[in-house]
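The values are calculated or read from the model by the stated rules, or taken from the named source; none is laboratory data. Since the structure is predicted, the reported quantities are computational estimates derived from the model, not experimental observations. Don't worry about glycine lacking a Cβ; one is built from the backbone with ideal geometry, like all the others, and counts go over all protein chains shown. Only protein heavy atoms, including side chains, enter the accessible area calculation; ligands, DNA and RNA are left aside. Shrake-Rupley method; radii C 1.70, N 1.55, O 1.52, S 1.80 Å.
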Amino acid sequence: MENFKIDVDADGIALVTFDVPGRSMNTLTAKVMDELPQLVERIKTDDAIKGAVITSGKASGFCAGADLGDMAGGSLAGGGDLQAAFDAGWKMNGSLRALETCGKPVAAAINGLALGGGLELTLACHYRLVEDDSKIQLGLPEIKVGLFPGGGGTQRLTRLIGVQAAMTAMSAGSSWRPNDAKGAGVVHEVVAKGGSVEAAKAWIKGGGKSVQPWDDKSFKQPGGGPYHPAGIQNFLVGNAMIRKQSYGNYPAVINLMKAVYEGIQVPMDAALRIETRYFIKTLMTPQAQGMIRSLFLSKQELDKGAVRPAGIPASDAKKVTVIGAGMMGAGIAYVQALAGIQTILIDRTQEDADKGKAHVEELLKKRLSRGQLTQDKYDALLASVVATTDYDQIKGSDLVIEAVFENREIKADVTKRAEAQLEAGAVFGSNTSTLPITGLAEASVRPEDFIGIHFFSPVDKMMLVEIILGEKTGQAAIAKTLDYVMKIKKTPIIVNDGRGFYTSRCFGTYVAEGLAMLEEGYAPALIDNIGRMTGMPRGPLEMHDDVALDLSMKVSKQTALDLGDKYVPLAGAEIIRTMVEDLGRYGRKNGKGFYDYDVKPKKLWSGLAELAPVKINDSTPELVEDQKQRLLYRQAVEVARCWEEGVIDDPREADVGAILAWGFAPWTGGPITYIDQIGLKAFVAQADDYAARYGDRFKVPQLLRDMAAKNETFYGRFTGAKAAA
């Protein structure tokens, strides 16, 4: 076998080392799945083997789960033959069931992270030991890519820790650290780092039991089954909670509960077949296919530099200056410190610079308290950030990122002062969310090294960085910026210049459409509830509060100045002006916006009815569905316009960027996948209907009409176009 090495010691204990060749992390590839039955057969039939310990040969982890590339492109992806799809899906379940019924004790020595199918492999072992390492995570995160555990996880975890705890973990895709896993009952022991194999062997030599709890005649479901007086509550309440969280957008979470509900009522062999059927059914949904492609495959490609210019040597930023020590600048300094980058954090006063470093310190202390950093490492990381007002300290920086106010004059002054300290080839990046990069680069004496580097707040949690190219930005600057973004472990997308670029421009349509609905007389609660039901993280009004109403008005004013007679005020502009200028309601940041935040939970501001009288308050299923699509279509039409204008030209970047930047409904796989799956003809027809009802903002670009006429898709027409160019 290529992926499993077996060494049998003098006590008859087989040490099975899982080590996929040529990869830094073990995954359940097609070849691994082919070898699993061979492995189990060897353990079962070799008389020299009295028991087995399964561990990993990788320093990086035990197993990160299924290889979704193999899964999405293989027989599991569909093709119409349900029996073939079931047989392929059953391969792992059948093998793991054979392992746990082989008649010999099998222990899992977990010496690194075990996620998804990796954890499911360990759950099929009779005993689980995990090493005491804060970097190790154990979990079943499949729900995050539109799936649920399909290797026995829904059945074994439920029988181990009960329906409520198992469903909570699986429906959220959450994970446990080692000691938490033991406390939850997921593993049996936490042992010293490096000691899991010997401890596992000791368990076998001490008479380890070779029968799983659920195969014992005396087994009872923890917490009770669906007809138990206590157990039934898990399904009555759980069904309502799942609906509240998913709004019916995610087949995976619904099928997950069905698999658990039906599975715990039957013996394990039948339960695993039930799980496999629901897993295959889920995998074949457009939601799962879209989420796997965007949130796993495409994201992974972008994380590895798929759009990096070819032929330019790799760079490694050692020293980076951040100008502006507010929440954004301090967040950038923090992620740089974690990546081992010496950071100069500059602000106008030492007090402001020190406040920025204090935020870095606060975030590092959280990691220290969780055991994710040693004291020595914490001290070193904090010392790597220098707070100052002295621009001379920029000298030697590979990159400068300005994160000052969205004001052209301030940014121009910062650019000139910083560039005076930079050596040839160093890159200057502007962290702007709306101002065109080509215009900002006019203040630069080296526009070929000037680029937009748009972070999202809070920087420590938001995974996307939008890289914006000015007219004169050079290929070397692009490559160096991508290398930097990958070093700080963020996902990069590259877009061309334009007002609002890609993410801010398209996100703005969501909150603007909410304002349009408000002006039309829709009840504010109805607007935000419909927004949440689309799968967006918040309703448009509450999201507007989060962004800040005064910032929205400042951007509108700057846009009006820049565009002159071409500027067209957005719907609801007068409502925002009144709230900001007359009433001092700026949003969440000062506790007053569309909502009042001085009470918990927040509540809609009662005075809103005077500014926007309610005319539409009754919600029928037909109205709700129509307005859900309205909010999604408005964003998708703007994405298509960005495409036609050349702002973005890669379907992967468009989809991943939309989901990670502004939370475009993840169940769709992103706006480009959303258009493709609806079909260009149907999408154009529905958009035309909205344009007739609500105005030209829904008018699709000619590109979509041309593609509809040819029955094309974005992924079919444009995939690989950037690489070919």
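List the equivalent ellipsoid semi-axes of the range 606-675 in whole Å, largest first, each obtained as the square root of 5λ for an eigenvalue λ of the Cα gyration tensor.
Working: eigenvalues 183, 42, 26 Å².
For the range 606-675, the semi-axes come out at 30, 14, 11 Å.
What relative contact order, as a whole-number percentage, does the range 1-124 give when Cα pairs under 8 Å and 6 or more residues apart are counted?
Details: 206 pairs, mean separation 37.1, N = 124.
It rounds to 30 percent for the range 1-124.
Each Lys and Arg Cβ is given +1 and each Asp and Glu Cβ -1; about its Cα centre, the chain then shows a dipole of about 1320 debye.
Go through Lys318/Lys489; Lys299/Lys365; Lys299/Lys490; Lys357/Lys377 and tell me which ones have a Cα-Cα distance over 19 Å in this structure. Intermediate results must be reported in sequence, preceding the final value.
Numbers: Lys318/Lys489 15 Å; Lys299/Lys365 30 Å; Lys299/Lys490 10 Å; Lys357/Lys377 17 Å.
The answer is Lys299/Lys365.
With distances taken between every two different alpha-carbon atoms, the chain has a Kirkwood hydrodynamic radius of 28.0 Å. Helix 503-520 and the longest principal axis of the C-alpha atoms of the chain enclose an angle of approximately 70°. Taking every C-alpha pair closer than 8 Å and separated by at least 6 residues, the mean separation divided by the residue count of the range 88-236 gives a relative contact order of 27 percent.
Keeping the other protein chains in place, figure out the carbon and sulfur percent of the accessible area of the chain, with a 1.4 Å probe.
Working: 15750 of 29970 Å².
Carbon-and-sulfur percentage of accessible area, whole number: 53.
Surface exposure of the chain, expressed per residue as accessible area with a 1.4 Å probe, stands at 41 Å².
A probe of 1.4 angstrom, applied to the heavy atoms of all protein chains, finds Val404 with accessible area near 30 square angstrom.
Quick one, what does Rg over Rh come out to for the range 405-526 if you take C-alpha atoms and the Kirkwood Rh? Could the numbers behind the result be given before it?
Values: Rg = 16.8 Å, Rh = 15.7 Å.
Ratio of gyration radius to Kirkwood radius for the range 405-526: 1.07.
With the alpha-carbon atoms of the range 224-271 aligned to their principal axes, the span from lowest to highest coordinate is 31, 25, 8 Å, starting with the largest.
Taking the Cα centre of the range 1-45 as the origin, how large is its charge dipole in debye, to the nearest 20, when only Lys and Arg (+1) and Asp and Glu (-1) carry charge on their Cβ atoms? Dipole magnitude for the range 1-45 comes out near 160 debye.
Tyr694 sits with roughly 40 Å² accessible to a 1.4 Å probe, with DNA, RNA and ligands left out of the calculation. Per-residue surface analysis assigns Phe450 an accessible area of about 0 Å², computed on protein heavy atoms at 1.4 Å probe radius.
Rounded to the nearest angstrom and ordered from largest down, what semi-axes does the equivalent ellipsoid of the range 284-366 get from its C-alpha gyration tensor (root of 5λ)?
Working: eigenvalues 234, 73, 21 Å².
The answer is 34, 19, 10 Å, longest axis first.
For the range 691-697, putting each phi into the Karplus relation 6.51 cos²θ - 1.76 cosθ + 1.60 with θ = phi - 60° gives couplings of 4, 5, 8, 10, x, 5, 5 Hz, in residue order, rounded to whole numbers and with x for Gly and Pro. Along the positive direction of the dipole of the chain (beta-carbon charges: Lys, Arg +1; Asp, Glu -1; about the Cα centre), which of Leu157, Ala573, Gln83 reaches farthest? Result: Leu157. Over the range 569-725, all Cα pairs binned in 10 Å intervals from 0 give whole-percent P(r) values of 9, 29, 30, 21, 9, 1, listed from short to long. Every helix of 4 or more DSSP H residues in the chain counts as -39500 (n - 2.57), and over all residues that averages to -14500 deg cm²/dmol at 222 nm.
Let me make sure I get this right: for the range 81-140, a, b and c are the square roots of the gyration tensor eigenvalues over alpha carbons, sorted descending. Under 1.5 in a/c it's rounded, otherwise prolate if a/b > b/c, else oblate. Which is it? Write out the running numbers ahead of the final one.
Details: a/c = 5.05, a/b = 1.58, b/c = 3.20.
Oblate, because a/c is 1.5 or more while a/b does not exceed b/c.
Gyration tensor analysis over the Cα atoms of the range 186-245 returns equivalent ellipsoid semi-axes of 36, 18, 7 Å (largest first, whole Å).
In debye, nearest 20, what is the charge dipole magnitude of the range 350-439 about its Cα centre with +1 on Lys and Arg Cβ and -1 on Asp and Glu Cβ, if you could check? Charge dipole of the range 350-439: 400 debye, to the nearest 20. If the reach is capped at under 12 angstrom between alpha carbons, list the aspartates and glutamates near Lys91, excluding any in the same chain fewer than eight residues apart. Counting by Cα, and skipping residues close in sequence, Lys91 has these aspartates and glutamates nearby: Asp34, Glu35.
Non-local lysine pairs in the range 535-692, meaning eight or more places apart or on different chains, with alpha-carbon distances under 18 Å, amount to 10.
Quick one: order Phe18, Phe456 from most to least accessible surface, probe 1.4 Å. Walk me through the numbers before you get to the answer.
Working: Phe18 0, Phe456 25 Å².
Descending order: Phe456, Phe18.
What is the range 276-373's relative contact order, in percent, from Cα pairs under 8 angstrom and six or more apart in sequence? Each step should come with its number before you reach the end.
Working: 72 pairs, mean separation 20.7, N = 98.
Here the relative contact order equals 21 percent.
A dipole drawn for the chain from +1 and -1 charges on Cβ atoms has a positive end, and of Met241, Ser315, Ile527 the residue lying farthest that way is Met241. Applying a DSSP loop filter and a limit of 10 other Cβ atoms within 10 Å to the trypsin sites (Lys or Arg not before Pro) in the range 214-266 leaves Lys217.
What the Cα atoms of the range 341-381 give is an Rg and a Dmax of 11.7, 35 Å.
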